[in-house]
Amino acid sequence: MKNMIVKSLGFYLNSITWVAPRKAGEFGFELFCRPIRTKVKPYQLEFLQTAEQQPFTFDGLRVQLYRWGNGPKKVLFLHGWQSHSFRWKKYISSLPLDLFTVYALDAPGHGMSEGNFINVPYYSELIQQFVKDHGAFDAAVAHSLGGMSLLYSLGHHSNLPIKKVVAMGVPGKARDFVNFYQQTLKLSPKTMSIIEDHFVNRIGKPVNYFETEKFVKNLEVPGLIVHDEEDKDAPYMYAKRLHKEWKTSELMTTKGLGHNLRSEKVVDEVKAYLLA
């Protein structure tokens, strides 16, 4: 069934490219930026309900925010594509909440937040608004798309008050996702050209502009890069390039954990970095 839906979407886009190219561009762009929402399961909700919930408004949407603790050190957790704040349970549970105030938010189209649209600049706008509203943070921990969006934010707004960063499984190039999108839906070169033109009109930058290593070249904020050698979603070579360009970064390499990086050792290392 899923394959039939994917094939139908690709056929539809390739077809309307010839008769309604503007519509094809708009629909293709919106589809590219539309996550499939992962349902919050009862056991996940049970943990999330241990937090003080402080939803706020971003771009007319209700964004779900969770807060634990009242310590002097503030840390923000940012999840990735098609995830939500529960992914940080072990990290949050490991931190002494008399020392930390921990925030985690569900990005639009994810978890308990409204919306159905996300991309790097949009996520970045959310991060900037949130930090502006809540003041300086001692650290931010981000995974995958959340990490790319955070580094984009810091690279374009050097005065963003975040003192240190943990970047986990961060993708290297938006082009990789665009190529995967094209191959999955079997979109023609003409269809992709129209969609990418719409991308530029909406974002103001071409797809190839979004390369994470570019965002950190002048970044002075210290950071810990955590990446697995066998990450199939965000190849490890991007972590090495990121570390090379980000002069104030450390690189922690794992093996066998894949993109999700689920490991008590990783939790312990991130905790130690936040406590240092």
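Nothing in this text is a laboratory measurement; each read-out follows from the coordinates by a stated rule. Everything quoted here is computed from the prediction, not taken from an experiment. Because the Cβ atoms are built from the backbone with ideal geometry, glycine has one as well, and the counts that use them run over all protein chains shown.
A few remarks follow.
- Calculated diffusion of the chain, Stokes-Einstein form, Kirkwood radius summed over Cα pairs, 10 °C and 1.306 mPa s, µm²/s: 82 µm²/s
- For the chain, the longest principal axis of the alpha carbon atoms and the long axis of helix 236-245 meet at an angle near 70°.
- Normalised per residue, the volume of the convex hull around the Cα set of region 155-210 (Å³): 98 Å³
- For the peptides 266-276, 213-223, the ranking by packing is 213-223, 266-276, with the highest mean count of neighbouring Cβ atoms within 10 Å listed first.
- Cα gyration tensor, region 18-88 - rounded (a/c under 1.5), prolate or oblate: prolate
- Point-charge dipole on Cβ atoms (K/R +1, D/E -1) for region 109-255, about Cα centre, debye to 20: 360 debye
- Net +/- balance of residues flanking residue 209 in space, Cβ distance below 15 Å, scoring K and R +1, D and E -1: +1
- With Cα atoms, 0 to 90° folded angle of helix 120-134 axis to the chain main axis: 30 degrees
- Per-residue ³J(HN,Hα) for region 140-153, Karplus 6.51 cos²θ - 1.76 cosθ + 1.60, θ = phi - 60°, Hz, x for Gly and Pro: 9, 10, 9, 10, 6, 4, x, x, 4, 5, 5, 5, 4, 4
- Neighbour counting of Cβ atoms within 10 Å sorts the residues 254, 57, fewest neighbours leading, into 57, 254.
- The charge dipole of the chain, taken about the Cα centre with unit charges on the Cβ atoms of Lys, Arg (+1) and Asp, Glu (-1), comes to about 460 debye, rounded to the nearest 20.
- Sorted by Cβ neighbour density within 10 Å, fewest at the top, the residues 245, 52, 264: 264, 52, 245
- Distance from region 115-141 to region 11-67 (C-alpha centre basis), Å: 16 Å
- Dividing the summed -39500 (n - 2.57) terms of all DSSP H runs of n ≥ 4 by the residue count of the chain sets its mean residue ellipticity at 222 nm at -13500 deg cm²/dmol.
- The amide H of residue 137, built 1.01 Å from its N in the peptide plane, has 162, 163 as neighbours under 5 Å, considering only residues 5 or more places off or on other chains.
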